[in-house]
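Here is the structure we will look at, set down as structure tokens.
No lab work stands behind these numbers, since they all come straight from the coordinates. Predicted model, so just to flag it, every value in this text is computed and none were measured. Neighbour counts are summed over all protein chains in view; Cβ atoms, including those assigned to glycine, are modelled from backbone coordinates with ideal geometry.
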Amino acid sequence: MAGGLSLYAEGHSLLHRAHPLTKGVLTLSAIALAFTAPSATWVAGVLAVLLVLVAFAGVIRRLLAVAVAILLPITVLLFVVQGFANASNRTVVFGLGPIVYYREGLAFAAFAALRIACLVCATFLFSFTTRPADISEALMQRGLSPRMGYVLQSALQIIPQTLEMAGRIQDAQRARGLETEGSLRRRARAYLPLMLPLVLSSLVATQERAMALEVRGFGLPVKRIARYAFRDTTPQHVLRWALALAVPAAIVARVVGWR
Amino acid sequence: MSGPALVFEGASYAYEEAARESVSDVSLTVDAGEWVGVTGPTNSGKSTLCLLAMGLAPHFFGGRLRGKVTVLGRQTETVSVIERSSEVGLLFQNPFTQVSGARERVDEEVAFGPECHGVPSEDVAARVEEAMTLVGIAHLACRHPLDLSGGQLQRLALAGLLAMRPKLLLLDEPTSQLDPAGTSAIFEVLGGLHGRGTTIVMVEHRLETLSELCARVVVMAGGRVLADGAPGDVFNREAVQQRAGMPVFARLAREAALPGPLPVTLNAAVAAFARNGFG
């Protein structure tokens, strides 16, 4: 059976224990700074900080797995396409007959790859060290309505729930003789009889869940009690503000001539 | 608790745009602390009876309600389902849709209802622990609800209701996904709750189970109450036997041509067979 979309890795590092909002601000700021910084050196600096944090959180192996699966193909593609076909290509690095590889494309690809690496690294660092439930709980403690909190939490569960339902329908159809394995054409044909019951079951399940939520008192106008307290400290406050201010500062710097 | 927990007075209900009524002219009183079994053939109005008692019909479904349904002293039309949820719990047939779909751990899922009611955290923790232990899922506390089997999910759904400490429990086939051992365990839990004064209305198709557990059985057919009384009396009526069947012990006794009334529980069957020279 499916078990939720969480990528959270159990751990006790400072990052695991940090307030979800601190980690959220850190992630967004790191991504924004990587995409605002004017040169590969600056972006490499952001990436270096992120990698230190990844190592510190003890999730480097997990990140490597993600890097191989996501970053490697993108990076290879970037270097091939940009090195050969970037519009500003002028300086030849090497040539094999009609195939010529250029320095400008290489530099552009490296810059873009570093930015994407920052994006992936920051996002997964957050995902590996923060439980999805903690994100909505932290936001509700900061004033997000319980209804919106529920929407946020259930959105993260909807894919595994739908997969679970589809699996059950497919099992039932297989038991009645429907071929769901084999050639691409056969598998594509098996999707048609899956879709109608899946859509109908999802609609019925949504109605039943809405009833079940009412039965459990969801939406009662009572003061919400926090499920648990997050450890929030003055250094975390300072860090959040510093990171949040660093982004507009970087944008302003770019506008006035940071190169 | 004193007085009736649930009163239907000439209640008839038709779902929106339905041609006929799902429940017709039902008059029924369930006293506080009673454990009443409800049975009957498919589409006889059993689940609708539960939805009416919870207030989901007509509050959630719309439709037409005639007559009166009063739960714990308040007419359902005057109280919203959400308000009612602190004192009445309804367990649906499908446990998959009873879970909130927003929690990642079993214990957090059980806590969902009490949290919605603003119960203080320490109290929530105690209720969660108690409810999970009662239904035998304390060892699953850290698991994801979607990783549970159908039977475990059914126990989780029940735990979620018990954590809200309802005075009236409406159970629509509460053990449909459980194995025999799990079923016995749940009925033991319900027996304990009944002993502590909780009123239980339970829809169930297993007539032997109803006869063993409930002092009173209501048989529905075609949206009406066909019979209402002690299981030994109800399952000996010809009309009930034709529409809803009879417990396996009664069938055995009939096959063995024992003189009536037919026994409906194991103990009564053993005694009846012994009286008539079997074994």
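Tabulated data for the structure shown
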{"quantity": "Beta bridges by DSSP in chain B, antiparallel share as percent, to the nearest 5", "calculated": "55"}
{"quantity": "Computed E for residue B:43/residue B:121 - FRET, C-beta separation, R0 45 angstrom, nearest 0.05", "calculated": "0.55"}
{"quantity": "Rg(Cα)/(2.2 N^0.38 Å) for chain A, N = residue count", "calculated": "1.32"}
{"quantity": "Between 0 and 90°, nearest 10: helix B:106-116 axis offset from chain B longest Cα axis", "calculated": "80"}
{"quantity": "Charge dipole magnitude, Cβ of K and R +1, D and E -1 - the protein assembly as shown, Cα centre, debye nearest 20", "calculated": "1860"}
{"quantity": "log10 of Debye I(q)/I(0), alpha-carbon scatterers only, for chain B at 0.07, 0.09, 0.13 Å⁻¹", "calculated": "-0.27, -0.45, -0.90"}
{"quantity": "Ranked list, fewest to most other Cβ atoms within 10 Å of each Cβ, for B:176, B:85", "calculated": "B:176, B:85"}
{"quantity": "Once the Cα gyration tensor of the range A:193-257 is diagonalised, semi-axes √(5λ) in Å", "calculated": "45, 25, 11"}
{"quantity": "Unit Cα scatterers, Debye sum, the range B:24-145: log10 I(q)/I(0) for q = 0.17, 0.18, 0.22 Å⁻¹", "calculated": "-1.04, -1.12, -1.33"}
{"quantity": "Diffusion constant of the range A:110-224 at 20 °C, which comes from Stokes-Einstein with the Kirkwood Cα-pair radius and 1.002 mPa s, µm²/s", "calculated": "119"}
{"quantity": "Cα pair distances in the protein assembly as shown, grouped into 10 Å bins until the bin that holds the longest one, percent each", "calculated": "3, 14, 20, 20, 16, 11, 8, 5, 3, 1, 0"}
{"quantity": "Candidate lysines - alpha carbon under 29 Å from residue A:23, same-chain residues fewer than 8 apart omitted", "calculated": "A:223"}
{"quantity": "Within the protein assembly as shown, percent of DSSP bridges classed antiparallel, to nearest 5", "calculated": "60"}
{"quantity": "Computed FRET value (nearest 0.05) for residue A:103 with residue A:48, which takes r as the C-beta separation and R₀ as 25 Å", "calculated": "0.55"}
{"quantity": "Packing-based exposure ordering (other Cβ within 10 Å, fewest first) of A:228, A:102", "calculated": "A:228, A:102"}
{"quantity": "Spacing of the two label points (7 Å from each Cα toward its C-beta) at residue A:64 and residue A:178, in nm", "calculated": "4.3"}
{"quantity": "Vicinal HN-Hα couplings computed from phi for the range B:266-275 (Karplus, 6.51 cos²θ - 1.76 cosθ + 1.60; Hz; Gly/Pro x)", "calculated": "4, 4, 5, 5, 4, 5, 5, 5, 4, 4"}
{"quantity": "19 Å cut-off, amide nitrogen to a point 7 angstrom out along residue B:133 Cα→Cβ, residues in the range B:163-206", "calculated": "B:163-166, B:185-197"}
{"quantity": "Residues A:237, B:144, B:139, sorted so that the one with the fewest Cβ neighbours within 10 Å comes first", "calculated": "B:139, A:237, B:144"}
{"quantity": "With Cα atoms, 0 to 90° folded angle of helix B:150-162 axis to chain B main axis", "calculated": "70"}
{"quantity": "Using a Förster distance of 30 Å, the FRET efficiency for residue A:28-residue A:77 (Cβ separation, nearest 0.05)", "calculated": "0.70"}
{"quantity": "Principal axes of the range A:1-102: Cα extent on each, largest first, Å", "calculated": "56, 38, 20"}
{"quantity": "Residue-count net charge about residue B:143 - beta-carbon cut-off 15 Å; Lys, Arg +1, Asp, Glu -1", "calculated": "-3"}
{"quantity": "Estimated [θ] at 222 nm from DSSP helical runs (n ≥ 4, -39500 (n - 2.57)) normalised by residues in the protein assembly as shown, nearest 500", "calculated": "-17000 deg cm²/dmol"}
{"quantity": "Residues in the range A:19-33 that a label on residue A:245 would reach, taking backbone N under 20 Å of a point 7 Å out along Cα→Cβ", "calculated": "A:21-33"}
{"quantity": "Geometric extent, Cα atoms of the range B:123-169 - Rg, Dmax (angstrom)", "calculated": "10.4, 31"}
